[in-house]
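The values are calculated or read from the model by the stated rules, or taken from the named source; none is laboratory data. Note that this is a predicted model, so its numbers are computed, not measured. No Cβ is skipped: glycine too gets one built from the backbone with ideal geometry, and neighbour counts run over all protein chains shown. Just so you know, the surface numbers come from the protein's heavy atoms only, side chains and all, with ligands and any DNA or RNA stripped out. Shrake-Rupley method; radii C 1.70, N 1.55, O 1.52, S 1.80 Å.
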Amino acid sequence: MTNKIKELLQSGIIGTCVDVKGWIRTKRVSKQVMFLSMHDGSCQRSLQVVMDPSLISEQLLTQLGTGASIAVSGNLVASQGKSQAVELQANQLTLLGSAPDYPLQPKAHSLEFLRELSHLRFRTNTFGAVFRIRHAVSYAIHHFFHQRSFIYLHTPIITAVDAEGAGEMFRVTTLDPLHPPRNSDGSIDFRVDFFKKSTNLTVSGQLAAEAAAMGLGSVYTFGPTFRAENSNTARHLAEFWMVEPEVAFNELPDNIVLAEDFLKFLLDYILKNCQEELACLHQRSIGNNGNPKHGIQQMPLMDRLNFVLQQPFARVSYTEAIAILMDAPPNKNGSFTYPVTRWGMDLQSEHERYLVEHHFKRPVVVTDYPRDIKAFYMRQNDDENTVAAMDILFPGVGEIIGGSQREERIDYLRQAMQRTNIQQEDLNWYLDTRRFGTIPHSGFGLGLERFVLFATGMENIRDVIPFPRTPGHVAC
Ligand code: ATP
Ligand code: MN
């Protein structure tokens, strides 16, 4: 049986015979002794293997380079070195796969270079840490909702609803793109397509989750989401994972409390369970940043995570936020790319980050946005100009959560659909949820990658998903 490095380093008993399989990170050889540092993905740390080089052939010795895979047997012994408590005194070593010309040498490569080799970057320390944290966050998400008796709901990936994503959806079709069947007016005849209607990849599981919440009470979805928006930024992917709780009888304030509890639970979970991974990324963040006194975004990673965990999130209405931004020095001296000029405009990422990093100096919940810049399903406030929306803004990231109390009054919902040109026939099933026993309810969407971006201190969203899809880019 193969032993995992994680178990050997945690609770390995000195003197036991062990078998380990993994990849070589580094090799150092002298006449009497060879040191290999090897990893197997089970934990952040590597295992030091010590061996008498005369036990293996000259040829094998030269093949033991960075990236090569090996199987090693020997005894676990107390280490002479001070960087590890135990090491493997090897008496047998087999080469599983050599790696001549392996492109990732044991030195710091740029993240851009590694992005070109997304299939190999799992082997680096940095990406090992990122993807183990991504796993831990995903696990903690299920844990959080399960312990609160939410039902995990699998919502469709292929959808016939295009109400939400106008213009931003990927089409799903089996029609021949060269010879599509046409109607007499020249438009494509989707009645002969696979589903007998036009279909797309989902941009959100929310509408389906709402239907489920009105029967199951508290539900959440957690799945892939697709957006064909041409946003080539460090925070947008064309394919990303979203977590969407939807809760019967929750009103906006309950929704905000749930979201804050949720984010803090996830942070607390990784601080407790991913210490080695965070230590590795923390070291990186110290290398990258200057003086911690300059604000949250300049804090080393662990300080930043602990800081956010301990602060109550600030709360501000959109109207107050606009007033703050209009008055802000970067707005007055022209350093915002998008000047803040009037009530009613959407907030850009630079505005969101100003509120978080410079004004409030902690995460911010912005509520009650103008009706006309938000989706049709958000509940209209009594002022008739704003809706019961809430966005949560995080340092370095901007919007991490978008949510709202939903419009449960069918007349208001119909009017909102009319205003936004959504055909009632297409959403008759959705209107049924308001026809039969309608209730107040609320929910939100958390972009998994935006959270992992914050949690790892990485700066580009392409570095926290295994195989990123962005405009013009779909490598593996
Ligand atoms: P943004 O304004 O940043 O483009 P949005 O308002 O379009 O986001 P929502 O529709 O509210 O996003 O989606 C809910 C959450 O999903 C967002 O708060 C964010 O965390 C995440 N998200 C949205 N779009 C993307 C994307 N293209 N890539 C990664 N995550 C995303
Ligand atoms: Mn949003």
Exercise. Would you grab the residues whose amide H sits under 5 Å from the one on Glu399? Only those 5+ places off in sequence or on another chain, please, with H modelled 1.01 Å from N.
Key: Phe394
Quiz item: What percent antiparallel are the DSSP beta bridges of the chain, to the nearest 5?
Solution: 90 percent
Quiz item: Excluding same-chain residues fewer than 8 positions from Lys21, which aspartates and glutamates have a Cα within less than 20 Å of its Cα?
Solution: Glu7, Asp40, Asp52, Glu87
Quiz item: Of the heavy-atom accessible surface of the range 117-202 (probe 1.4 angstrom), what whole percent is carbon and sulfur?
Solution: 57 percent
Quiz prompt | Accessible surface of the range 5-97, 1.4 Å probe, proportion on carbon and sulfur as whole % | solution = 52 percent
Self-check item: Interchain or long-range residues, amide H under 5 Å from Gly65's placed H
Solution: Ala99
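DSSP loop trypsin sites (Lys or Arg not before Pro) in the range 1-34 with at most 14 other Cβ atoms within 10 Å of their Cβ, which ones?
Numbers: sites: Lys4, Lys6, Lys21, Arg25, Lys27, Arg28, Lys31; in loops: Lys4, Lys31.
For trypsin sites (Lys or Arg not before Pro) across the range 1-34 that sit outside H, G, I, E and B with at most 14 neighbouring Cβ atoms in 10 Å, the list reads Lys31.
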Quiz item: Solvent-accessible area per residue for the chain at a 1.4 Å probe radius, Å²?
Solution: 48 Å²
Quiz item: Between Leu61 and Ser73, what is the spin-label point distance in nm, taking each point 7 Å from the Cα along the Cα→C-beta axis?
Solution: 2.3 nm
Quiz item: In whole Hz, what ³J(HN,Hα) sequence does the range 170-180 give by Karplus (6.51, -1.76, 1.60; θ = phi - 60°), x for Gly and Pro?
Solution: 8, 6, 10, 8, 10, 5, 6, x, 7, 9, x
Exercise. Any chance you could give the angle, 0 to 90 degrees and rounded to 10, that helix 318-327 forms with the longest Cα principal axis of the chain?
Key: 70 degrees
Quiz item: Mind listing which trypsin sites (Lys or Arg not before Pro) in the range 87-142 are in a DSSP loop and have 13 or fewer other Cβ atoms within 10 Å?
Solution: Lys107
Quiz item: By how many degrees, 0 to 90 and rounded to 10, does the Cα axis of helix 206-216 deviate from the longest principal axis of the chain?
Solution: 90 degrees
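Quick check: at a probe of 1.4 Å, how many percent of the accessible area of the range 336-476 sits on carbon and sulfur atoms? Walk me through the numbers on the way to the answer.
On the way: 2520 of 5590 Å².
The C+S portion of the solvent-accessible surface of the range 336-476 is 45 percent.
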Quiz item: What residues qualify as long-range amide H neighbours of Val172, i.e. H under 5 Å apart, gap of 5 or more or another chain, H built at 1.01 Å from N?
Solution: Thr199, Asn200, Leu201
Quiz item: Along the range 230-243, what does the Karplus equation 6.51 cos²θ - 1.76 cosθ + 1.60 (θ = phi - 60°) give for ³J(HN,Hα), rounded to whole Hz, x for Gly and Pro?
Solution: 8, 9, 8, 10, 7, 10, 10, 10, 7, 10, 9, 10, 10, 10
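I need the GluC sites (Glu not before Pro) found in the range 280-370, filtered to DSSP loop residues with at most 16 other beta carbons within 10 Å of theirs.
Numbers: sites: Glu320, Glu350, Glu352, Glu357; in loops: none.
For GluC sites (Glu not before Pro) across the range 280-370 that sit outside H, G, I, E and B with at most 16 neighbouring Cβ atoms in 10 Å, the list is empty.
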Quiz prompt | Folded to 0 to 90 degrees: helix 125-147 orientation relative to the chain principal axis, Cα | solution = 50 degrees
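Just list whichever of Lys31/Lys82; Lys107/Lys272; Lys332/Lys361; Lys27/Lys107; Lys264/Lys361 have alpha carbons separated by over 25 Å in the model shown.
Details: Lys31/Lys82 22 Å; Lys107/Lys272 29 Å; Lys332/Lys361 20 Å; Lys27/Lys107 13 Å; Lys264/Lys361 17 Å.
As for pairs spanning more than 25 Å Cα to Cα, those are Lys107/Lys272.
Among bridges DSSP assigns within the range 266-405, what percent are antiparallel (round to 5)? Before the final figure, lay out each step's value.
On the way: 13 of 17 bridges.
Taking every DSSP beta bridge with both residues in the range 266-405, the antiparallel ones total about 75 percent.
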Quiz item: When the Karplus curve 6.51 cos²θ - 1.76 cosθ + 1.60 is applied with θ = phi - 60°, which whole-Hz ³J(HN,Hα) does each residue of the range 355-362 get, with x for Gly and Pro?
Solution: 4, 6, 7, 10, 7, 8, 6, 5
